[in-house]
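Q: Okay, handing you the structure first.
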Amino acid sequence: MSTVHSYLSSLSLHIAGEWRGISGRDTLPVINPATGAELGRLPMATERDIDDALAAAQAAFPAWSQASAWERDRILQRAAVLIHERRDAIAHSLTLENGKPLADAQGEIDRVIETITWCAEEGKRAYGRVLPPRSHRLTQTTLKRAIGPVAAFVPWNFPMVLAARKVAAALAAGCTVVLKPAEETPASCIELVRAFLDAGLPPGALSLLFGVPAQVSQRLIASPVIRKISFTGSVAVGRLLATQAAQQLKPATMELGGHAPVVVFDDVDVDKVAAACAAFKFRNAGQVCLSPSRFYVHDSIAERFAQRLAAHAQALQVGDGLTPGVQMGPLNNERRLQAAQALVDDARAAGARVLTGGQRIGTQGFFFQPTVLTQLPASARLLKEEPFCPVAPVMSFATLDEVIALANDSDMGLAAYAFTNRLDRAAEFSERVEAGWIGINSFTPALADAPIAGMKDSGLGMEGGPEGLDAYLHSRFVSQSSLAT
Ligand code: NAD
């Protein structure tokens, strides 16, 4: 029997162990993208709120960073258990705010649990090194210590798991965190913070702010309290925040946009590959940084592939993510809807053929048809800009050299995929394509234990895996002599 859930929580900031609501603060509406209806009002942080969060992160840092990794592990593991217990209610709110189908929201929460559990464990393995000493009286070591209070910023497309990737890694490393999620999707981040607090995290070790993004980020990054910036979002905002961080000489991890090419060679089962591509392309309505966004298919099979992809797109059940059987929800907001329409209109005006889709569905909510286009000129904006919508352009190619050049013809280099049964083609592709996340005959969403390291404009540094934890640690060298002189 299924349980009926309502929209979770009064929407609040969390600062220094205290939930702060809308009283005395400006507010923003949180909108259900499936209906356009207001779900609630979100308080916006004042300058005082931001400064209080900074003071709390500073005050909590000494005790939290000096707690043993085993104690931090216990608290993080407890938080993961609490999230598991609250999974269905959180998933319901996540779908209401983000629009994704309920099963996908539940899947996201499962990955939150996996991420926290993995980071908790990995925090116990933040080993340093013992160096061969320069003299027998010397002990020379490197030690890893928490880098300091962290400012973390995340977008709305996977609001809870992207926040968990930063918060869990930073807390496991011994850092305190001020988290600024996207204002479109606050509830699951509020529940993430609540779980950590209920699990015994010291007040102040994790604060949560919403507000005017540019104001909050500027004040946090400029503060001497913050020693590390971690951002997931668009290239444009990433560039802005990386510049602010550089001015302060603060390390910054930037997980930015992607424009993933998918290369389909002529030795595959076209129908099976088209089915796999449709499933991954239209997941979360294409609003995924790792989403395939340019399909290059061998000349001899391109038309058949495009027709099969279009058939899968047409067959998708699009609707409110809470309705059973729905496979694709709305776009998250009005801006994305306008961007999707503008990209399709631009391609169409340049001569592209619309095999299916191409426009908004209805007038309520932010639904856009799953769309497949062919015959795009290289100048089409869709081939240069991250689409972040359910639009799939299909182009053709003749040779391997040609298609690798096409795949690499992008300012971004996050993910890239190839489908082939030939080992030589797979090896050549993996070696020459400019991307940090490569799939051969498979699509893999982000994993707790694997680093994502975007190339070119897609990022700076790494998140996920031991490399992701290292981003919150500072290595210091200690040389100790057994004699005082
Ligand atoms: P966005 O850059 O607009 O917003 C991301 C965060 O930055 C939010 O918290 C937002 O409130 C804040 N923000 C927005 N404008 C700001 C400003 N002027 N100053 C400071 N902060 C600001 O991104 P989005 O459109 O919400 O998210 C989608 C983007 O995120 C896509 O480009 C996607 O590829 C990228 N993304 C990357 C990864 C990755 O791992 N590389 C993962 C998921 C999403």
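The values are calculated or read from the model by the stated rules, or taken from the named source; none is laboratory data. Just so we're clear, the structure is a prediction, and the values are computed from it rather than from any experiment. Every residue, glycine as well, gets a Cβ built from its backbone with ideal geometry; the counts of neighbours run over all protein chains shown. All accessible areas refer to the heavy atoms of the entire protein, side chains included, with ligands and DNA or RNA removed. Shrake-Rupley method; radii C 1.70, N 1.55, O 1.52, S 1.80 Å.
Q: Could you please give the count of residues in the range 272-304 that are within 16 Å of the ligand (Cβ to nearest atom), in contact with an Asp or Glu (Cβ under 8 Å, 6 or more places away or on another chain) and in a strand (DSSP E or B)?
A: Counting residues in the range 272-304 that are within 16 Å of the ligand (Cβ to nearest atom), in contact with an Asp or Glu (Cβ under 8 Å, 6 or more places away or on another chain) and in a strand (DSSP E or B) gives 1.
Q: How many residues does the range 320-344 hold that are among the acidic types (Asp, Glu) and within 15 Å of Pro370 (Cβ to Cβ)?
A: 0
Q: Could you give every pair whose Cβ atoms fall below 7 Å, whose first residue belongs to the range 450-464 and is among the charged types (D, E, K, R), and whose second residue is near the ligand (Cβ under 9 Å from one of its atoms) and part of a loop (DSSP other than H, G, I, E, B), counting only separations of at least 6 or pairs across chains?
A: Asp457/Leu256
For every residue, the table says whether it meets (1) farther than 23 Å from Leu82 by Cβ; (2) assigned to a helix (DSSP H, G or I); (3) more than 16 Å from the ligand (Cβ to nearest atom).
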| site | (1), (2), (3) |
| --- | --- |
| Thr117 | no, yes, yes |
| Pro155 | yes, no, no |
| Met160 | no, yes, no |
| Arg165 | no, yes, no |
| Ala169 | no, yes, no |
| Leu179 | no, no, no |
| Cys189 | no, yes, no |
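Q: Tally the residues that are in a loop (DSSP other than H, G, I, E, B) and among the hydrophobic types (A, V, I, L, M, F, W, C), restricting the search to the range 144-153. Reasoning before the result, please.
A: The initial filter retains those residues of the range 144-153 that are in a loop (DSSP other than H, G, I, E, B), namely 147-149.
After this cut, where a residue has to be among the hydrophobic types (A, V, I, L, M, F, W, C) as well, the list is 147.
Of the residues in the range 144-153, 1 are in a loop (DSSP other than H, G, I, E, B) and among the hydrophobic types (A, V, I, L, M, F, W, C).
Q: Still on this structure: Quick check: is even one residue across the range 169-188 crowded, with 19+ Cβ neighbours inside 10 Å, modelled with pLDDT of 95 or more, of a type in the set (Lys, Arg) and touching a Leu at 6+ places or on another chain (Cβ under 7 Å)?
A: yes
Q: Looking for something more than 10 Å from the ligand (Cβ to nearest atom) and surrounded by 21 or more Cβ atoms within 10 Å (Cβ to Cβ) - is there at least one such residue anywhere in the range 229-236?
A: yes
Q: Which members of the range 216-228 meet the condition of being away from the ligand (no atom under 11 Å from the Cβ) and polar (S, T, N, Q)?
A: Here is the first cut: in the range 216-228, the ones away from the ligand (no atom under 11 Å from the Cβ) are 222-228.
Passing the criteria: only Ser223.
Q: Checking the condition surrounded by fewer than 19 Cβ atoms within 10 Å (Cβ to Cβ) and closer than 21 Å to Ser442 by Cα, which residue from Arg308, Arg294, Arg304, Arg283 passes?
A: Arg304
Q: Next question. Does Gln106 count as in a helix (DSSP H, G or I) and under 18 Å from the mean Cα position of the chain (by Cα)?
A: On the way: in a helix (DSSP H, G or I): yes; under 18 Å from the mean Cα position of the chain (by Cα): yes.
Criteria met by Gln106.
Q: Please go through the range 360-388 and pick out each residue that is under 17 Å from His312 (Cα atoms) and either open to solvent by 40 Å² or more (accessible area, probe 1.4 Å) or in a helix (DSSP H, G or I) (or both).
A: Gln369
Q: Within the group Leu8, Leu39, Leu28, which residue is buried (at least 16 other Cβ atoms within 10 Å of the Cβ), among the hydrophobic types (A, V, I, L, M, F, W, C), under 25 Å from Phe366 (Cα atoms) and out of contact with any helix residue (DSSP H, G or I) (no Cβ under 9 Å at 6 or more places or on another chain)?
A: Leu28
Q: Next question. How many residues are polar (S, T, N, Q), within 19 Å of Val288 (Cα to Cα) and assigned to a helix (DSSP H, G or I) if we restrict to the range 214-265? Outline the logic, then answer.
A: The first filter runs over the range 214-265 and keeps only residues polar (S, T, N, Q), leaving 215, 217-218, 223, 230, 232, 234, 243-244, 247-248, 253.
If we keep only those that are within 19 Å of Val288 (Cα to Cα) as well, we get 230, 232, 234, 253.
Subsequent filtering for residues that are assigned to a helix (DSSP H, G or I) retains none.
Summing the residues that are polar (S, T, N, Q), within 19 Å of Val288 (Cα to Cα) and assigned to a helix (DSSP H, G or I) in the range 214-265 gives 0.
Q: Mind checking whether some residue in the range 205-215 is among the polar types (S, T, N, Q), more than 12 Å from the ligand (Cβ to nearest atom) and open to solvent by less than 60 Å² (accessible area, probe 1.4 Å)?
A: Let us first name the residues in the range 205-215 that are among the polar types (S, T, N, Q), namely 207, 215.
Those left that are additionally more than 12 Å from the ligand (Cβ to nearest atom): 207.
Going one step further and asking which of them are open to solvent by less than 60 Å² (accessible area, probe 1.4 Å), we end up with 207.
Checked the range 205-215: at least one residue is among the polar types (S, T, N, Q), more than 12 Å from the ligand (Cβ to nearest atom) and open to solvent by less than 60 Å² (accessible area, probe 1.4 Å).
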